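Written below as structure tokens is the structure these notes are about.
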Amino acid sequence: MNSSGVIQLLSDQVSNQIAAGEVVQRPSSVVKELVENAVDAEATQVRVVIKDSGKTLIQVIDDGKGMSEVDAQLCFERHATSKIRKAEDLFNITTKGFRGEALASIASVAQVELITKREEDERGVRIEIDGGKLVSNEPVEASKGSVFSIRNLFFNIPARRYFLKTDAIEFRHIIDEFERVALTHPDVHFVLTHNGNVVFDLPKSTLKQRLVHVFGNKYNDQLIQLDEDTEIVRISGFVGRPEIAKRTRGDQYFFVNQRFIKSPFLNHAVQQAYDQILPSGSFPFYLIALDVPPSTIDINIHPTKTEIKFQDERSIHALLHAAVRRGLGKNQVAPSLDFEQENIPLTQASPGTVRVPQVDVDHDFNPFQKSDSWQQKSRNWMEQFAQAGFGFEKESEVQQEEIGFDSDDWDGGTPFQIGRVIIGCEINSELKMFHQTRLHWQVLFEEHSNQNSHSFVAQQLLFPIQLHVQPKDISLLQDHDVLLASFGFELNLEGEPEIIAAPASIDEQAALNFVELVLESLRIGVEGPDLRMNLLKDYTRRLSVRKGQMLTSPEMLDMLIRWNTCENKNYAPDGKAIALTFGIDYLEDQLGK
């Protein structure tokens, strides 16, 4: 019998690489750990230098307290920490890092250099580690603070590098982590550069100023301040007005004791406060800071420390909901009226025709005397409405655009419109009723799906449309210029971002909405064919005719002829039915044989 066992103790290097799988998932994980360490070191200035989205270099320079030679070497040992001494300390943590795993994990999968110095020391120390192995430890001249340089991340684990996303996606994750720390520490000057270009330069400021610096000037007048103090939690921060709500959850931030967290339960409290204020499918902007006694939370339940447990979660949910609701009420944010966002034309009198009503009494009127005057007046009701400015038009006065089609290809009857919503037509001795928006949407969707990728024609704009996008979105747009061109858009992203070409069929607001839709899709990780298909569905919906839009007979006939060539004639891209069919027998039964 073999006495040797099959269970072996792993080496420190392998253990650290395994731990790195949880702590160091991508370059942004390194940025998060190093920037948080700089803040914990009481830095007033933090500079982050990135090359190739963190794959080549991540450098964090701070003016914090620095470390002694002994501490500088120990900080790369696993479970070496200055934050806790005994188990009870886990429930009294006020700093961001505390477990002592991050630096050991990072050093095991990268080439690391640390230069650090305390204010009271004459000289600093330089430590170099290559894949978890100490290469050098020597004294150097240095300024107060620390400089961490992480080069060639995952150089010794090629499989991990293979699973990294594109540079644009990885850099966006870096910006997300950078923003989360910068937003909760407006008293610290943060700078972020990428490949030599300054992406953020955030001077010391108030929280609102920091928000405007990060998200843009359009947020300046759209923020509602929260400030509620209770026995169990202090709630502060800002929520956004409905005007800056988005269709994705992107710009939503919770901080508990200055630590970024994710909490679906607390998000529900905020979302519920916007009930009947935002239309379905919209998500509000918020940055909410919760300050609670450290002993009432457990932050040691997740490797990245983005999830925590509250001692009294339900009470905090109720207080948060009430605080947001009260803030919205104080600022007179009223419920929105969402009529499916359809542009329904409403008839109304012209302001120039409004006048004080006058009563004209015929004192000689005899109700028993036969007269045709009342009959004549009743026949002229349309003329009277027109004179009053209610905008009724005769069909002959409606400008009809000539549409090119071959009516010989159509074997149906003449179409007609009902209520500017439904198109009716006899086809194969049956009555079909089409929803005009879904009908046109499906026609456009199939036509552009079947054509080549450049089916939308761009038109140069005489006056470019300014884009109000955040710095972190620029790289996403740059990486998807071919996709944008396939929809007829050309952007200039140098200096002030702007749209310089767009399809002639859409207006300025629709163009801005489309670019925002592209960004929202990219933010949640939609890529490739799925991204194009989702964009095509939304884009063709925006181009389709609306409820309440009057159509001429040639326009309706053209739509039906094109619909007749569709592969899917029954359902619109959103899965809703396009038409109802009524047979002769059914109609006779309804009318009574």
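Can you name the condition, by its number, that Arg542 falls short on among (1) of a type in the set (D, E, K, R); (2) in a helix (DSSP H, G or I); (3) modelled with pLDDT of 90 or more; (4) in contact with a Phe, Trp or Tyr (Cβ under 8 Å, 6 or more places away or on another chain)?
(3)
Among what's in region 38-81 and is of a type in the set (Val, Ile, Thr) and assigned to a loop (DSSP other than H, G, I, E, B), pick the residue that is modelled with the lowest pLDDT.
Among those that are of a type in the set (Val, Ile, Thr) and assigned to a loop (DSSP other than H, G, I, E, B), it is Thr81.
Looking only at region 244-254, filter to residues that are surrounded by 19 or more Cβ atoms within 10 Å (Cβ to Cβ) and not charged (D, E, K, R); which one of those is nearest to Lys218 (Cα to Cα)?
Per the stated criteria, the residue is Ala245.
With respect to Ser429, determine if the residue is at pLDDT below 60, over 30 Å from Val518 (Cα atoms) and surrounded by fewer than 16 Cβ atoms within 10 Å (Cβ to Cβ).
no
Six or more apart or on different chains, Cβ under 6 Å: which pairs go from a residue in region 299-318 that's assigned by TED's automatic domain parsing to the domain that holds Glu36 and closer than 18 Å to Phe255 by Cβ to one that's of a type in the set (A, V, I, L, M) and modelled with pLDDT of 70 or more? Could you list them?
Cβ pairs passing all conditions: none.
Please verify whether Ala182 is closer than 19 Å to Leu476 by Cβ and of a type in the set (Gly, Ala, Ser), treating the condition exactly as stated.
When the stated conditions are applied, Ala182 does not pass them.
Have a look at Glu555, Glu496 and point out the one that is touching a residue at least 12 places away in the same chain (Cβ under 8 Å), in the same structural domain as Leu462 (by TED's automatic domain parsing) and exposed (fewer than 12 other Cβ atoms within 10 Å of the Cβ).
Glu496
Filter region 110-143 for residues that are of a type in the set (Ser, Thr, Tyr) and in a strand (DSSP E or B); which is surrounded by the most Cβ atoms within 10 Å (Cβ to Cβ)?
Only one residue fits best here, namely Thr116.
Just the residues that are under 30 Å from Val515 (Cβ atoms) and either crowded, with 17+ Cβ neighbours inside 10 Å or small (Gly, Ala, Ser) (or both), please, taken from region 231-243.
Those that are under 30 Å from Val515 (Cβ atoms) and either crowded, with 17+ Cβ neighbours inside 10 Å or small (Gly, Ala, Ser) (or both): Gly237, Phe238, Val239, Gly240, Arg241, Pro242.
Any idea which residue in region 571-593 is surrounded by the fewest Cβ atoms within 10 Å (Cβ to Cβ), counting only those that are assigned to a loop (DSSP other than H, G, I, E, B) and in contact with a strand residue (DSSP E or B) (Cβ under 7 Å, 6 or more places away or on another chain)?
Gly583
Can you say whether Ile106 is hydrophobic (A, V, I, L, M, F, W, C), more than 39 Å from the chain's Cα centre (by Cα), surrounded by 20 or more Cβ atoms within 10 Å (Cβ to Cβ) and outside any loop (DSSP other than H, G, I, E, B), as far as the supplied structure shows?
In short, no.
Which residue out of Glu447, Glu498 is acidic (Asp, Glu) and in contact with a strand residue (DSSP E or B) (Cβ under 9 Å, 6 or more places away or on another chain)?
Residue meeting the stated conditions: Glu498.
Count, please, the residues in region 298-335 that happen to be over 20 Å from Phe238 (Cα atoms) and at pLDDT 80 or above.
8
Within region 475-497, is there a residue that is β-branched (Val, Ile, Thr) and in a loop (DSSP other than H, G, I, E, B)?
no
Restricting to region 423-474, and then to whatever is charged (D, E, K, R) and in a helix (DSSP H, G or I), can you tell me which residue is nearest to the chain's Cα centre (by Cα)?
Per the stated criteria, the residue is Asp473.
Pick out the one residue from Gln459, Gln442, Gln436 that is in contact with a strand residue (DSSP E or B) (Cβ under 7 Å, 6 or more places away or on another chain), buried (at least 19 other Cβ atoms within 10 Å of the Cβ), among the polar types (S, T, N, Q) and within 30 Å of Met550 (Cβ to Cβ).
Gln436
Phe163 is checked against (1) hydrophobic (A, V, I, L, M, F, W, C); (2) surrounded by fewer than 15 Cβ atoms within 10 Å (Cβ to Cβ); (3) under 27 Å from Pro242 (Cα atoms) and fails just one. What number does that condition carry?
So Phe163 meets the others, but not (3).
Report yes if some residue within region 128-141 is under 23 Å from Asn195 (Cα atoms) and hydrophobic (A, V, I, L, M, F, W, C); otherwise report no.
The answer is no; no qualifying residue exists.
Please work out which one of (1) polar (S, T, N, Q); (2) surrounded by 13 or more Cβ atoms within 10 Å (Cβ to Cβ); (3) within 26 Å of Asp176 (Cβ to Cβ); (4) at pLDDT 85 or above is the condition Gln466 fails and give its number.
(2)
The values are calculated or read from the model by the stated rules, or taken from the named source; none is laboratory data. Computed from a predicted model, the values in this text were never measured in an experiment. Because the Cβ atoms are built from the backbone with ideal geometry, glycine has one as well, and the counts that use them run over all protein chains shown.
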